[in-house]
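Taking it in order: structure first as structure tokens, then the write-up.
The values are calculated or read from the model by the stated rules, or taken from the named source; none is laboratory data. From a predicted model like this one, the values you see are computed outputs, not experimental measurements. Cβ sites come from the backbone with ideal geometry, for glycine too, and all protein chains shown count toward neighbours. When the accessible area is computed, the model is the full protein with side chains, heavy atoms only, and any ligands, DNA or RNA have been set aside. Shrake-Rupley method; radii C 1.70, N 1.55, O 1.52, S 1.80 Å.
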Amino acid sequence: RRPRARVTEVSAPTSWVLRAPDGGAGGTGATAAHPPSQAPSHSPSGGPTDGPGGSEAAAPPRWRPWRFRMSNDVWGTPVVADGLLYVTSFEVHALDVATGRRQFKTREVAWSMAVSNGRVHASDGPSLYALNARDGSDVWRLAADGWVYALRADRGTVVTGTRGGGVQAWDAASGERLWELSGAQTDFETPEAGPVIRGGSVYVWGDGRLYALDARTGAERWSYPVGDSSATGGVPVRLLPADDGAVYVSAGSRVFALDAATGAERWRFDAPAAFLCPPAFAPGAAIAGGGVYLADYLGTVYALDAANGHDRWRIATESRQSAEPVVVADGLVHLGSGSALYTLDAVSGTPRWRFATGGEITGSPVSADGRVHFGSADHCLYTLDAVGGRLRWKLATEGEITGSPVVAGGVVFACSRDRCVYALDAAKGTGQARA
């Protein structure tokens, strides 16, 4: 029996009905919600479609919320690129964001995936492959000489972490191996703690040092002593290369700001408890909410001055085991701690609101257009008013929400352990958005 989604929203609720099933192995097809019959017709971008001279031409079908049910479990966070939604459910599935129709699926299991420059890069563990992001055709595939546990892509380079301390860089277009090293990342071989690639540099952790390597050649640019796992309290080093030319690093209970070009220390901050998540960075002056933000495992949120590392404020929430960074947007700091979502003022740290759910918050919240979207282990996807915390709508599924939701073009996409992918109007859920 197909599980049914239960919806609570501000506008009139609607039911899911089958539309244009895709069929075949790996998915039973897209379903859609019928909007109210009196709702105006809109293009997928939200505006009316007019022909020459201002007269209305034949409009494309009105966008409707949809869901796509897989034959296997869905995991991770979906990726939106060039009108397609990419989801890992053993295979990689590419769904049309407008209709939910599946465009293609891969043959192999995809434990890790990155979409970049018109290609889907993925690994089933012992092998690595690249596909054309539009039609799923092979670009290249090869043996990885180890089990790939982390995969990231940036600027034409794919970097992988393999079990046993291996790190490799590959040319994204051809699959040529550019370089490899051993003895790195050995303590914590998880996707979150894997090597990071950003701005032409690859960052790896080994022998108690953080290394910045040239992404194309593997040449060492600099290294910095952050300590081994015993010095970091048994938690992995997490980092964020930021747009202000700094690399912000959490290493146990310490936070470092390092110059991205030279590795020189700008400042360091010592906290009483260890951080499980990487720092988050908000540009701008501290008086306007700019700075470095992160939360320790006890749930204490810190706001640090990006210029000197001074502790601007700290606020306690509740115990937090999540490795997801806090989210800073529009002068607000959002984070899931335990089974509640907390929102704080980024300038003063003043608590704005707390919203409790029936289970642990999963993934990271996403803030867009004055709303914050997040999932919970209570099987629900929530949308709240970002400023006041009022519930706008929620979607009750038949499984825990996996990864983090994604918002693009006024649509929020989310995956659930009920084997479904959901596309909902960010403002109305399954309701039809008003003009």
Checked the stretch 285-304 for anything open to solvent by 50 Å² or more (accessible area, probe 1.4 Å) and in contact with a Gly (Cβ under 8 Å, 6 or more places away or on another chain); matches are Ala288
Considering only residues that are outside any strand (DSSP E or B) and in contact with a Lys or Arg (Cβ under 8 Å, 6 or more places away or on another chain), look in the stretch 82-117 and name the one that is surrounded by the most Cβ atoms within 10 Å (Cβ to Cβ). Gly100
Of (1) surrounded by 15 or more Cβ atoms within 10 Å (Cβ to Cβ); (2) touching a Gly at 6+ places or on another chain (Cβ under 9 Å); (3) modelled with pLDDT under 50, His42 satisfies every one except (2)
I need the full set of residues from the stretch 294-315 which are closer than 20 Å to Leu258 by Cα and polar (S, T, N, Q), in order please. Asn308
Report, ordered by the first and then the second residue, all pairs with beta carbons closer than 8 Å, sequence separation of six or more or different chains, a first member in the stretch 380-397 that is among the acidic types (Asp, Glu), and a second member that is outside any strand (DSSP E or B). Asp385/Gly370
Could you check the stretch 165-264 for strands (runs of 3 or more DSSP E) lying wholly inside it with 1 or more residues that are more than 24 Å from the chain's Cα centre (by Cα)? 166-171, 177-181, 201-206, 209-214, 220-225, 254-259
State whether one or more residues within the stretch 341-355 are surrounded by fewer than 18 Cβ atoms within 10 Å (Cβ to Cβ) and more than 25 Å from Pro279 (Cβ to Cβ). no
Restricting the search to the stretch 279-315, which residues are part of a loop (DSSP other than H, G, I, E, B), closer than 22 Å to Val235 by Cα and under 26 Å from the mean Cα position of the chain (by Cα)? Pro279, Tyr297, Leu298, Gly299
Selected residue (criterion: nearest to Glu192 (Cα to Cα)) from residues of the stretch 256-267 that are of a type outside the set (Gly, Ala, Ser) and crowded, with 22+ Cβ neighbours inside 10 Å: Phe256
Which is open to solvent by 10 Å² or more (accessible area, probe 1.4 Å), touching a Gly at 6+ places or on another chain (Cβ under 6 Å) and of a type in the set (A, V, I, L, M), of Ala329, Ala307, Ala242, Ala274? Ala274
Scan the stretch 135-174 residue by residue and report those that are closer than 28 Å to Pro236 by Cα and basic (Lys, Arg). Arg152, Arg155, Arg163
Return the only residue of His379, His373 being within 19 Å of the chain's Cα centre (by Cα) and either surrounded by fewer than 22 Cβ atoms within 10 Å (Cβ to Cβ) or on the phi > 0 side of the Ramachandran plot (or both). His379
Can you find, within the stretch 131-164, the residue that is most open to solvent (accessible area, probe 1.4 Å) among those that are assigned to a strand (DSSP E or B) and over 16 Å from Val196 (Cα atoms)? Arg141
Test each condition in (1) under 22 Å from the mean Cα position of the chain (by Cα); (2) surrounded by 20 or more Cβ atoms within 10 Å (Cβ to Cβ); (3) at pLDDT 95 or above for Ser322 and report the one that comes out false. (3)
